[in-house]
Amino acid sequence: MASTSSGSAVKKSNKVAIPDANYIREMFNTCENPIKAINQFQIENGLQIGSLEPVLPLLDLHSISRVKFHHSVIRLLQSKLTKKLEGMPRESLEKMLKQAFSQIQHKELMPVALEIMKLLNPVPSTCLKKVAALPEVYKQCSIEVRRQVWEKHQGIFGDEVRPILNKYIWEKDVELHKGSESLIAAAPFFAIAPRKRRESPVVQQLKEMIGLSFPLYQMMLIFVRTLYQRNKTSHFCTLRSDMLMSFHDCKIQDIYKQDPCHDFMFYIQYAVNEKRIQDKIQPKLKEFYLKIVSEKTELLSDTAIILADPYVLNVFCMEVFSCLQSMIEKENLPRNEEKLHFLLKFINLGINAWSIVNDDSTDEPKLHKATLKENIPLLMICLVEDVMHHEMGSKYRDNVISNLVSSTSKDTLIKTLVMHYVLTLAQNRNMERLKMVLPLIPDSISTLDEVFMHVLVSYFLQYTTEWKQADFCKAVFSSFLNKYCEDEVVLRHVLRLLWTAHLHLEVDHVTETLEIIAPQPNHSSQVRDLFMQLSERTAVVET
């Protein structure tokens with residue numbers, strides 16, 4: 001049964017007759033003379049070059065192992081073969097891939113198969129299926145090959161994309177929570193230019209993953225939509241816009257031309273960049289809006305997601321207030337102002353985006369009955385009172401602002417506009433009106449949006465002498481912010497505000513506020529750590 005030959009009694013079972021570990025193990029189990037079997041193995045499987053044979057003993061003299069020598073030869077052959085592959089016709093490449101792919105799990109031979117797949121587009125589906133089932137091979141594939149794997153295996157694409165999307169949200173949170181020392185004057189969150197936002201490494205990484213593959217782009221939008229539906233995080237709405245316009249910036253028509261929202265997005269982002277909605281783009285936006293509303297298609301949810309982007313909502317709210325100021329000057333009524341109706345419908349679609357996506361609705365959300373008849377007029381009266389107070393020193397009436405704020409509990413559109421109104425008051429340092437409106441908010445609005453909190457605190461951080469007014473401090477902290485101290489979102493920004501503002505506040509007021517906002521066990525460790533740091537910081541100042 002035994003044989004001294006390594007090749008006669010042992011069958012090479014793999015397709016290209018390359019001996020593997022099982023082959024060698026069987027060879028030693030069946031041979032009588034191991035030394036002779038090894039010599040025979042070397043003869044049969046070594047490099048079959050006559051001129052090379054006299055040189056091999058010299059390698060042994062220089063202590064160069066055969067393994068090291070063979071690896072260097074393999075690398076040289078791979079380099080030469082790779083250069084030849086680039087000019088080969090597809091038919092030849094497919095034949096070579098069929099042979100090379102059978103040995104793709106051998107790390108020494110894997111680069112050849114990987115290079116052939118990189119040159120083939122498309123790669124045969126059978127190969128893609130096997131690559132997807134071999135993680136160690138998949139990880140070594142070029143981005144061109146992995147894109148083809150992703151197109152056929154959504155789960156693998158999801159696994160790759162998920163950590164990147166999480167990083168995008170994490171970076172947005174960092175931007176919202178950053179300390180006062182890095183803040184830009186006047187609403188830093190909205191100060192970043194759209195194109196600069198789109199140049200972020202995360203957006204560029206996602207764009208690189210998609211390449212020219214529209215199926216992957218569609219898959220990406222599905223993931224973004226699903227995560228928005230699951231988490232209600234408006235940053236995903238921003239990402240939807242950033243992704244599309246990033247392809248537009250690079251003139252990759254294979255992607256952006258196929259997105260039915262491209263033209264609408266282009267005009268929206270133009271408005272965001274200009275921080276106003278110019279008259280020349282209003283007809284374009286209105287035409288698109290009327291079309292999707294009348295056709296009742298799934299495009300309504302995509303449009304709503306675009307409008308739910310905080311940057312977009314901010315511009316539309318700014319435009320509403322500009323429109324209201326113009327109406328006041330011309331003494332026009334809200335019900336007669338077509339532009340106002342158009343703006344309110346867009347904002348209403350944006351603030352109802354999550355409900356539309358969650359319910360898979362194709363119906364336009366209707367404005368609250370009291371919006372135009374009662375609540376917008378109340379807001380206009382407040383704006384008139386602000387002007388009269390500033391120019392003539394006239395006193396404010398309590399009932400107007402209280403009625404306006406109380407309406408926010410039923411009218412979410414007015415709630416959005418009131419929040420923007422508060423930001424405008426903070427930006428203009430209208431202390432008297434802020435002292436009136438801030439204490440009213442907790443009774444009508446149960447939660448505060450994080451973007452609103454970030455921008456409001458950013459304005460407050462610019463105050464110095466204002467904090468010397470005891471009644472203003474009471475309105476900001478005791479009657480407003482402290483009412484929401486159980487909400488971690490608000491607590492983060494209260495701590496952020498106190499980090500700088502405590503230098504201008506009375507010591508007793510700082511101590512009292514810290515006692516009220518002390519974190520609870522359910523708050524995150526980051527908040528508890530920040531609270532401890534702030535406590536130490538204020539104690540140092542006191543001493």
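The values are calculated or read from the model by the stated rules, or taken from the named source; none is laboratory data. On a predicted model such as this, the values are computed, not experimentally measured, just so you know. With ideal geometry, Cβ positions are generated from the backbone for all residues, glycine too; neighbour counts draw on all protein chains shown. Ligands, DNA and RNA are excluded from the accessible area calculation, which covers all protein heavy atoms including side chains. Shrake-Rupley method; radii C 1.70, N 1.55, O 1.52, S 1.80 Å.
Solvent exposure of residue 415, expressed as accessible area, is near 60 Å², computed with a probe of 1.4 Å over the protein chains only.
Couplings 3J(HN,Hα) for the stretch 101-115, derived from phi with the Karplus relation 6.51 cos²θ - 1.76 cosθ + 1.60 (θ = phi - 60°), are 5, 5, 10, 5, 7, 7, 4, 6, 9, 4, x, 5, 4, 5, 5 Hz, where x marks Gly and Pro. Sequentially through the stretch 74-85, phi angles give Karplus couplings (6.51, -1.76, 1.60; θ = phi - 60°) of 4, 4, 5, 5, 4, 4, 5, 5, 4, 5, 6, 4 Hz, Gly and Pro residues having no value and appearing as x.
Ranked from largest, the principal axis spans of the Cα set of the stretch 428-537 equal 37, 30, 21 Å.
For the stretch 256-314, the alpha carbon positions stretch 30, 22, 22 Å along the principal axes, listed from largest to smallest.
Translational diffusion of the stretch 321-364, estimated by Stokes-Einstein from the Kirkwood radius over alpha carbon pairs at 25 °C in a medium of 0.890 mPa s, is 205 µm² per second. What separates the Cα centres of the stretch 100-144 and the stretch 433-465 is a distance of 57 Å.
Starting from the eigenvalues of the Cα gyration tensor, five times each then square-rooted, give me the equivalent ellipsoid semi-axes of the stretch 203-333, largest first, whole Å.
Over the Cα atoms of the stretch 203-333, the ellipsoid semi-axes are 29, 15, 15 Å.
Mean silhouette area of the stretch 39-132, derived from the convex hull of its C-alpha atoms and averaged over all directions, reads 7.6 nm². In a reduced charge model with +1 at each Lys and Arg Cβ and -1 at each Asp and Glu Cβ, the stretch 216-282 shows a dipole moment near 260 debye about its Cα centre.
Based on DSSP H segments of at least four residues, each scored -39500 (n - 2.57), the chain has a per-residue ellipticity at 222 nm of -20000 deg cm²/dmol. Return one number: the angle in degrees, 0 to 90 and rounded to the nearest 10, between the long axis of the Cα atoms of helix 21-30 and the longest principal axis of the Cα atoms of the chain. That helix lies at roughly 30 degrees to the long axis. Residue 38 contributes an accessible area of around 70 Å² to the protein surface, as traced by a 1.4 Å probe with all chains present. Overall dimensions of the chain, expressed as equivalent-ellipsoid semi-axes from the Cα gyration tensor (√(5λ), whole Å, largest first), are 67, 30, 18.
Taking the Cα centre of the stretch 351-436 as reference, the dipole from Cβ charges on Lys and Arg (+1) and Asp and Glu (-1) amounts to some 340 debye.
Report, as a whole number in µm² per second, the diffusion coefficient that Stokes-Einstein gives for the stretch 265-357 at 10 °C and 1.306 mPa s using the Kirkwood radius over alpha carbon pairs.
Using the Kirkwood radius from Cα pairs, D works out to 117 µm²/s.
A cut-off under 14 angstrom between Cβ atoms defines the neighbours of residue 167, and their net charge, with Lys, Arg +1 and Asp, Glu -1, is -3.
Here the stretch 333-466 is described by how far its Cα atoms reach on the three principal axes: 51, 33, 26 Å, from widest to narrowest.
Projecting the Cα atoms of 326, 268, 358 onto the dipole axis of the stretch 266-405, where Lys and Arg carry +1 and Asp and Glu carry -1 at the beta carbon, places 326 farthest toward the positive end. As a quick test, which of the pairs 251/339; 257/369; 152/284; 84/207; 275/345 have an alpha carbon distance above 27 angstrom in this structure? Long pairs (Cα-Cα over 27 Å): 251/339; 257/369; 152/284; 84/207.
By how many degrees, 0 to 90 and rounded to 10, does the Cα axis of helix 376-392 deviate from the longest principal axis of the chain? So the inclination is approximately 70 degrees. The packing ranking, built from the mean of other Cβ atoms within 10 Å per residue, places the peptides 331-339, 256-264, 109-117 in the order 109-117, 256-264, 331-339, highest first. Taken one residue at a time, the phi angles of the stretch 265-282 give Karplus couplings (6.51, -1.76, 1.60, θ = phi - 60°) of 4, 4, 6, 5, 5, 4, 5, 4, 5, 8, 6, 6, 9, 5, 4, 6, 9, 4 Hz. Gly and Pro are set to x. Projecting the Cα atoms of 439, 61, 283 onto the charge dipole of the chain (Cβ charges, centred on the Cα centre) puts 61 farthest toward the positive pole. Taking 0.36 nm per residue of sequence separation and removing the Cα-Cα distance, the residue 287/residue 64 pair yields an extension gain of 72.6 nm. For the chain, take the longest principal axis of its alpha carbons; what is the angle in degrees between that and the long axis of helix 201-210, to the nearest 10 within 0 to 90? Once rounded, one gets 50 degrees.
Each Lys and Arg contributes +1 and each Asp and Glu -1, all at the Cβ; summed about the Cα centre of the stretch 87-137, the dipole is approximately 120 debye. When a 1.4 Å probe is rolled over the protein heavy atoms, the share of accessible surface on the chain that falls to carbon and sulfur comes to 53 percent. A viscosity of 1.567 mPa s and a temperature of 4 °C, combined with the Kirkwood radius over C-alpha pairs in the Stokes-Einstein formula, give the stretch 87-168 a diffusion coefficient of 98 µm²/s. Taking the square roots of 5 times each eigenvalue of the Cα gyration tensor of the stretch 234-283, largest first, gives ellipsoid semi-axes of 19, 14, 9 Å.
Annotation: Cα Rg of the stretch 133-182 relative to the compact-globule expectation 2.2 N^0.38 Å equals 1.67. Using a probe of 1.4 angstrom and keeping all protein chains present, the accessible surface of the chain works out to 52 square angstrom per residue.
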